[in-house]
Structures are given as structure tokens and as C-alpha cells.
Amino acid sequence: MAIRNPRLPLVPGYGRNPLIGKKSFGVRPIFTTINKINMLVDKAPDSDRVPSLYARKQGPELPAWVTYDKQILRFRGYFMQSYNEMVSHVLHKVDICFFLEDGTIKVSEPRTENSGLRQGTIITRQRIRLPHSYDMYYDVLDFNIGNEVTFHGKVFKILSCDNFTRVFLNRLGINVPDPIPWPDAIEKEPPTYRPPKPTPLKQFLEHDREILRFFGYWDNRETYLGKIHHLEIHYYLADDTIEILEQLPPNSGVESGPMFLKRMLLPRNIPRPEMSGGPKPESYLPADLSIGAVLNVYGRNVVLTDCDLYTKEYYRATYGFDTFNPLPKPEEHVEYISSRMADRELPPWNGYGSYDDSAGNCRTVEPKPPHRDFIKFLHKDRDGFDSHVLRFASRLINDNPEDAKRYFIVLYYLCDDTIAVFELGERNSGYLGGRFFRREKVYLPGVNFYVPKEPPSYTDKDMWVGNELVIHKHSFRLIAADEYALRYMELHSNEYHMANIALIMDKIRRTLVSEENGYKNFVAKYMEAVEPNKKELMTNRCFKQALKGVMCDKMTEHEFLTIIRHFRGDPGKEEYPRREMLRSVVFSDLTRDLWDERDRLQEGIVHADEMGLGTMPAPRLRQLLRAHRLPINNELMDCMFSVLRKDDNCNIYTEDLLNFLDFQTRPVFNMSDVDYNKVVRHAPPIRDRECKFWTEQEKIIKEGFVNWNAFLCQLNLEHLVKPE
């Protein structure tokens, strides 16, 4: 059954029926029903033939799908759509395309950036039926400006068309109106206006690693065992998150968990459970933070009191703030429990073993050796020639006349404050000598040993010439000190007042000023004791007698010794031949290493002295000695250079060096011989040498001279003498 569609106009040309494959010229398109399906055909049956516009064999011979290929009628329109009750209608602008070759229609919406809508092809290319019709389709007569078409339930309003469409419709005899403007409608109207918020990526790129740092506190003293929590607030500008750290003082008794709030978006108000499915609560922004602001951290009020320099600059540049006055924090009087264990009261010492050893056994079940002061040991241990051992000569104080001749050496070790006593036994004295008391800490006499705390012991401040020490019920009087001990105490005179020349002179000065005409009588009385040949020198014996007459018992033996050493009147004369002593030490080192290359050394010196000056700088001479493998260390070599003769330019005479190392024709002297006339090859026994050495140390105080004029000049009391 064929049905003619009277609405379709006469289309010039001819088309091919896809069902029968025959040609027709200038016919109306008709519909035929095959198997209950409407099909478009281009030729009616022979009974319904209609004359064509063209004569036979004069019309176009091309089919319709070729004649109208790629010829499209394009219309512009819109349709309205509503999403929900909160959002008004949204206007969608669309393009409606009608394909002339087969009568299909395509509807698409142009894409726009950031529209938030799904745009693109709305209706794919297809033939569309008329509304409320089963067998009629949209054709070219249904499209014109101002018409409304309904495609699959959506109403499209046509507002304009392109130039090709307008010309094509006019040739068909269809009047095309002027374009209709777009309706005044908001494409997408939000419910409320909010300023545009920067995208997370842009905010991260602009403010990465930029942190605002505030200081504050949370007062929790209202609760049981509450206190003030000192907090540090970090605001990350990259993602508007906040973290809070707690500043715990040492030994506070609180677990070391400084994280008060992990990094997160901190809401202004605590979200309710019933609002969990709704919009997210508002979080804190940089504008909400300032000095004096209070943050609601899930019910805890955190007060901001101060901020760092970077935060101040940020708020000054962003918000124009100029004043940043820190707020005082509330005072809290809390007694923190110290982590240090309280000193345990030990039982009284029973006297067995050392005190440190016995105390260690009382503090722990497992016995451990006592620990020494390691820091003091590092600074006061032996270092080269610096032994940090003070050596003093002493004698026993008792009623036995035999003990008055015995010599004892008291050694004080600065590294651990221990004392050792050795006896120097002379030949045929009846005493063997050697160690008299072992090295240990010596406690003061008359103290109670059987107490929980350690009793006081002798220190290095008690070691001075003239003092009496009681060591294991034996009284020792210190009568002399070696050169190292005296020199060490003078170099550290701020610790040892007996060797401080400034304090000693001030004591003498105050004593002379306190008496009327004391200085005048002192100078007039002892001026005659000055040597006639050397008017500025006075003997040590007379000088000591003069000071004792003024100071009486106000000065100790060590202070007298310090003054004599400081105002020595014969500085060119040494108490012992230092050059010969150094030769003896060098001879011992060379003999131990079997060095005997003095002749080769002399040849090397002559070869190096090209000008024949006979002198050589110390660095060059040191290089030659090292080249000839002289087996002495740098310290001993420096001492050797100090006793060699030098010219005005401090160059060393090479002949004097060769004489110093000539041990065959110039053997070393015996240091134990007082007159230095006896020549021996080997050093004497140690005990005899030590006895003679300490004997000479005692004679230093009695013999020698003092520069009287230098003493009076430093005393500086000439203004007290009135001119007659």
C-alpha cells in the first residue's frame, strides 16, 4: 500500500528507489509500507504517474543522493532545561542540521569552556518523526525562522539560519523571516554569589612552602590536673591547612608527643553528626589569624600571642597591618619533677678500700669500678714535657734525730688529685729508699672518716713550700719544689695565690703603708746591706731577713721564694748548667739509637754553607739535622737551639752546634757534682743524683742575689719619703 505525502514539494531531478532500483523524473517522494515499515521511495506506481517539470530525456540524470551530497540546511536555535528546584532554567544554544540527500537531522550544542554542562552532539544524525505521528517525518518545510520543532520530547526554537539555507528556501518559494535575537536569560544562575576561589593547583604553585607561624597557649587549669599548654601554630598557605605543636619543657613529666593537632583543614565550628552529608563547614583562613585571636580547636580555645618575622611581613604586605604587640602569657607556678635521681644517703664508710669503691658497692648490686673525672684527665694528663705532676722535697717532722736526714719526694698528680711519696735513700744511711706511700687520695687530718659523705682531701692548693702535710699519721714539711712545679704555679698564678707576685707585692705594700714611716725605716735600715761593688744587688739571706722583719708571720716560705725568683739579681747565672744537662739528655738519646754520623753532618753543613758565613738559620739547620737522621724529637731540638750561640740576626753558629754534639773530645758532665769538675762518661745512680739535686734546690733560697732597686721600683712607695 502506497501513501502519497501531499506536503512534500516537487523536487527537481530524479532519484533511485532503494527497493526496486528504477529511475523516475520529477516525481513527488512517496512513502510505501513494506512489512509494516514506512519507506521513502522516489517513484509512484504507474497508475499514479504525474507529469515531470522536464521533458523526457531533458532532466538531470544524477540521483538525489549525488545531486544533494554535502548540502546541509543549518539553523540556529535553543531549548530550555531545568535541573532542580534550586537552579533556574538553563538556556542551551544548539545547531540544527538538515541533510538534503536523505532527509536526516542532527542537533549539536557548541562547546564552551568552564560551562559545567555536558555539551556536544545532542541528537545524532537520523530521521525524526513528527510528534504524535507514526509514519510522518520532518522535512524541509517544517524548518523556518520562528518555528518550534520537537525532537524526542525537547522543544527547539529556531532563531536564525545561514546564508545557504536562506537562499535555498527562497528558491523553493518559502519566505524566510529576519533572525530573532536570543532571549534575555541567564545561562547558569548560582543560588548565591561567592567570589571566585583560586584553584587548588594555582594556590599550591603560588604559596608552596609558605607557612605562617604563630605562638599561643591553651589554658586547661580549670580541669583536674590541668595546666597551660604552650603551643606553636603553623598555617600552610598552599592548602589552608593548620597543624599545632606543643612545646614541652624538659623534665615536665609529660610523654614526648608534641603533636597537638595534625595537619588538616580546621573548621570554624564543630560539625554536627546530622550535617555530615551536607556542605562542608567553613575552615579558618589567613584573615582569621592575628595576635589576640582565639581559635576553636574542636572545643579548645587557643589564644594566639605572637608570631615570627615572616608572618609579620606577610600580614604587613597583604592586609596592611603595622602593629604586632605580643600578648603576655598567664603565669603558671608548677614544680616540675626532676629526672635526676635524688642523692641516696649511704651508710658510713668502714675504711676498707677507697671511698669511691665502697660507695659504688652500696649504690648497685653489681659491683662496678669507680669512674674518674674524664674531662680533668684529658686536660691534666701527661702531654710531651708537660707532665702535670708537682714534685716537692720534704722531710719528716718527729723527735727522732735519724729521720731528720731522710729525704722524701712528694708527688701530686693533677689529673686525679692523688699523692705519692718516695724516699731517696743515700748510701750507708741504713734506709733502702723507694716507694714510701703508694699513689692514692689523701684525706685531711682530723676529719671523721666514718660518715656517709666523702671526707675532704688534700688539693693542689695545699701544695706549697713551707706547708705541712699529714699523710697516714706521718707529718711531712715541704722544703723545696722542682723547677716545673714552681714554673707551673707561676704560670697559673690566678689559681695559686702563693705564686702570684701581684698579690704578694700588694700585701707588702699595705703592711708598709699601715705603719708610720714604715717604708722609710725599711729602706734606710737595709740600704747598707747592698753589695758595695754591685749597688743594686742584695743577698737572698739578707733580703729574706728584711722582709721577715716587716711581715713577721704574714708571709709563707713559698711567697718568699716567689719574690726571690721574680727579682733575681743574677739572671745570667743559672742554678744548674742547663746546657750541660741538655747535652746529657741528647747524649742518652743518641747512644740509645746508636747514632754516630757527626762527620757526615759536618760535611753536610759545610756543603750547605756556600758563602762560608759560619751561621745558619734555625729552619735550615733543622732540615739538615733531619736529613742526617738525628734521633731527637722536636721539643728537645728546640731546647738545644735555645742554648746554642746566635748572632745578631738569630742565626745559629754551626761550630757551636758541632761542639755541642762532640761527645768524644767534650764528654758530658756529671750533674751530681757540685763543682762540675769531675768528668764521667755515664750518669751517676739516680738516688745520689736526686739527693744532690734537692740539696741544691734548698741552697737556692739561701744563696744568690736579689735586685734591690727593681724590688723598690715595683713597690712604688717613694712618695712616702719626704725630702729633708
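For region 239-266, how many residues meet the condition of being more than 28 Å from Leu205 (Cβ to Cβ) and assigned to a loop (DSSP other than H, G, I, E, B)?
Number of matching residues: 12.
Select from region 578-589 the residues that are within 52 Å of the chain's Cα centre (by Cα) and over 18 Å from Tyr653 (Cα atoms) and write down the one among them that is least open to solvent (accessible area, probe 1.4 Å). Show your work before the answer.
Of the residues in region 578-589, the ones within 52 Å of the chain's Cα centre (by Cα) are 582, 585-586, 589.
Now narrow it down to the ones that are over 18 Å from Tyr653 (Cα atoms): 585-586, 589.
On the way: Val585: 62, Val586: 0, Asp589: 31 Å².
Step by step, filter region 578-589, then rank; the result is Val586.
One line per residue, one yes/no per condition, for (1) hydrophobic (A, V, I, L, M, F, W, C); (2) at pLDDT 80 or above; (3) open to solvent by 40 Å² or more (accessible area, probe 1.4 Å); (4) not in a loop (DSSP other than H, G, I, E, B):
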residue	(1), (2), (3), (4)
Gln545	no, yes, yes, yes
Gly549	no, yes, yes, yes
Phe560	yes, yes, no, yes
Glu574	no, no, yes, no
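Return yes or no: is Ser514 under 16 Å from Ile563 (Cα atoms), free of Cβ contacts under 8 Å to residues at least 12 places away in the same chain and of a type in the set (S, T, N, Q)?
Numbers: under 16 Å from Ile563 (Cα atoms): no; free of Cβ contacts under 8 Å to residues at least 12 places away in the same chain: yes; of a type in the set (S, T, N, Q): yes.
In short, no.
Is it the case that Asn269 is modelled with pLDDT under 90, touching a strand residue (DSSP E or B) at 6+ places or on another chain (Cβ under 9 Å) and open to solvent by 90 Å² or more (accessible area, probe 1.4 Å)? Explain how you work it out, then say what you get.
Details: modelled with pLDDT under 90: yes; touching a strand residue (DSSP E or B) at 6+ places or on another chain (Cβ under 9 Å): yes; open to solvent by 90 Å² or more (accessible area, probe 1.4 Å): yes.
Criteria met by Asn269.
Test His89 against the stated conditions and say whether it is touching a strand residue (DSSP E or B) at 6+ places or on another chain (Cβ under 9 Å), open to solvent by 70 Å² or more (accessible area, probe 1.4 Å) and either among the basic types (Lys, Arg) or over 26 Å from Lys70 (Cα atoms) (or both).
Values: touching a strand residue (DSSP E or B) at 6+ places or on another chain (Cβ under 9 Å): yes; open to solvent by 70 Å² or more (accessible area, probe 1.4 Å): yes; either among the basic types (Lys, Arg) or over 26 Å from Lys70 (Cα atoms) (or both): yes.
For His89, the condition - touching a strand residue (DSSP E or B) at 6+ places or on another chain (Cβ under 9 Å), open to solvent by 70 Å² or more (accessible area, probe 1.4 Å) and either among the basic types (Lys, Arg) or over 26 Å from Lys70 (Cα atoms) (or both) - is met.
What's the number of the only condition in (1) open to solvent by 30 Å² or more (accessible area, probe 1.4 Å); (2) among the β-branched types (Val, Ile, Thr); (3) in contact (Cβ under 8 Å) with a residue 24 or more places away in the chain that Ile242 fails to meet?
Going through the list (1) open to solvent by 30 Å² or more (accessible area, probe 1.4 Å); (2) among the β-branched types (Val, Ile, Thr); (3) in contact (Cβ under 8 Å) with a residue 24 or more places away in the chain, Ile242 breaks only (1).
Look through Val334, Val303, Val365 and report the one residue that is surrounded by 13 or more Cβ atoms within 10 Å (Cβ to Cβ) and either at pLDDT 85 or above or not in a helix (DSSP H, G or I) (or both). First the steps, then the outcome.
Values: Val334 fails: surrounded by 13 or more Cβ atoms within 10 Å (Cβ to Cβ); Val365 fails: surrounded by 13 or more Cβ atoms within 10 Å (Cβ to Cβ).
On inspection, the qualifying residue turns out to be Val303.
Give me the residue from region 382-392 that is open to solvent by less than 60 Å² (accessible area, probe 1.4 Å) and modelled with pLDDT under 90 and, out of that set, nearest to Leu424 (Cα to Cα).
So, considering only residues that are open to solvent by less than 60 Å² (accessible area, probe 1.4 Å) and modelled with pLDDT under 90, the one nearest to Leu424 (Cα to Cα) is Ser387.
Could we say that Val447 is open to solvent by less than 30 Å² (accessible area, probe 1.4 Å) and modelled with pLDDT of 85 or more here?
Details: open to solvent by less than 30 Å² (accessible area, probe 1.4 Å): no; modelled with pLDDT of 85 or more: yes.
The answer is no for Val447.
Listed residues Leu237, Leu266, Leu261, Leu225; which is in contact with a Phe, Trp or Tyr (Cβ under 6 Å, 6 or more places away or on another chain) and not aromatic (Phe, Trp, Tyr)?
Values: Leu237 fails: in contact with a Phe, Trp or Tyr (Cβ under 6 Å, 6 or more places away or on another chain); Leu261 fails: in contact with a Phe, Trp or Tyr (Cβ under 6 Å, 6 or more places away or on another chain); Leu225 fails: in contact with a Phe, Trp or Tyr (Cβ under 6 Å, 6 or more places away or on another chain).
Criteria check complete, one pass: Leu266.
Restricting the search to region 467-489, which residues are surrounded by 16 or more Cβ atoms within 10 Å (Cβ to Cβ) and over 17 Å from Val421 (Cα atoms)?
Matches in region 467-489: Leu486, Tyr488, Met489.
Take the residues in region 490-527 that are surrounded by 16 or more Cβ atoms within 10 Å (Cβ to Cβ) and among the polar types (S, T, N, Q); name whichever of them is modelled with the lowest pLDDT.
Top of the filtered list is Thr511.
What is the residue count in region 352-383 for residues that are over 21 Å from Ile419 (Cα atoms) and within 37 Å of the chain's Cα centre (by Cα)?
Selection size over region 352-383: 1.
Going through Ile180, Ile242, Ile186, Ile211 one at a time, which residue ends up being among the β-branched types (Val, Ile, Thr) and at pLDDT below 90?
Details: Ile180 fails: at pLDDT below 90; Ile242 fails: at pLDDT below 90; Ile211 fails: at pLDDT below 90.
Of the residues listed, the single one that is among the β-branched types (Val, Ile, Thr) and at pLDDT below 90 is Ile186.
Could you please find all residues in region 286-304 being within 14 Å of Phe321 (Cβ to Cβ), in contact with a Lys or Arg (Cβ under 9 Å, 6 or more places away or on another chain) and in contact (Cβ under 8 Å) with a residue 40 or more places away in the chain?
Applying the first criterion (within 14 Å of Phe321 (Cβ to Cβ)) to region 286-304 yields 286-293, 304.
Adding the requirement that they be in contact with a Lys or Arg (Cβ under 9 Å, 6 or more places away or on another chain) leaves 288.
Residues satisfying the conditions do not exist here.
Cβ contacts < 7 Å: first residue in a helix (DSSP H, G or I), restricted to region 204-223; second residue open to solvent by less than 50 Å² (accessible area, probe 1.4 Å), any location; separation 6+ or different chain. Result?
Correct list of pairs: Phe204/Ala238; His207/Leu237; His207/Ala238.
The values are calculated or read from the model by the stated rules, or taken from the named source; none is laboratory data. Bear in mind the structure is a predicted one, so any value in this text is a computation, not a measurement. Note: ideal-geometry Cβ built from the backbone for every residue, glycine included; neighbour counts use all protein chains shown. With ligands, DNA and RNA removed, areas are computed over all heavy atoms of the protein, side chains included. Shrake-Rupley method; radii C 1.70, N 1.55, O 1.52, S 1.80 Å.
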